[in-house]
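First up is the structure itself, then whatever we jot down about it.
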Amino acid sequence: MSFLGSLLLSPITGPVRATQFILNRIRDEVEAELPDEDAARSRLLNLALREEGGEVSPEQSQAERADILDDMNEARDIRVSLAEPPESADPTASGQ
């Protein structure tokens with residue numbers, strides 16, 4: 001597109017691009033706040049190494065492992081729920 005065309009369309013394309021930018025920033029912030037399954041795996045591995053080294057007792061290890069596994073399940077559930085389309089968007093859900 002020529003410079004003149006871009007200039008003439010800027011009242012339309014400007015707000016669209018600004019909205020896209022804002023939505024992308026919001027998406028990035030939300031993704032950054034989501035629990036990280038890989039971080040939980042690293043914590044689980046670190047816990048196993050600490051237990052083998054005798055730094056934590058088996059009871060402490062079991063309690064921490066349960067917390068870490070809960071975090072991993074939460075992260076997985078959130079990821080799956082974000083990947084699924086909302087029920088209202090499913091045309092077969094209306095029963096027709």
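Using only the C-alpha atoms, the convex hull of the stretch 39-82 corresponds to 45 Å³ per residue. Projected onto its three principal axes, the C-alpha set of the stretch 9-93 covers 68, 36, 12 Å, listed from the longest axis down.
Normalised per residue, the accessible area of the stretch 1-73 is 79 Å², obtained with a 1.4 Å probe and no contribution from ligands, DNA or RNA. Of all the options Ile78, Ile68, Ile12, the one that moves most in a Gaussian network model of the chain with Cα springs shorter than 10 angstrom is Ile12.
Summed over qualifying helices (DSSP H, 4 residues or more, each -39500 (n - 2.57)) and divided by its residue number, the chain shows a 222 nm mean residue ellipticity of -27000 deg cm²/dmol.
Per-residue Karplus couplings for the stretch 7-13, computed as 6.51 cos²θ - 1.76 cosθ + 1.60 with θ equal to phi - 60°, are listed in order as 5, 5, 8, 4, x, 8, 6 Hz, Gly and Pro entered as x.
Among Ala18, Ala39, Ala48, the largest mean-square fluctuation in a Gaussian network model of the chain, built with springs joining Cα atoms closer than 10 Å, belongs to Ala18.
The values are calculated or read from the model by the stated rules, or taken from the named source; none is laboratory data. Please read these numbers as outputs of a predicted model, since none were measured by experiment. Note: accessible area is taken over every heavy atom of the protein model, side chains too, but ligands, DNA and RNA are not part of it. Shrake-Rupley method; radii C 1.70, N 1.55, O 1.52, S 1.80 Å.
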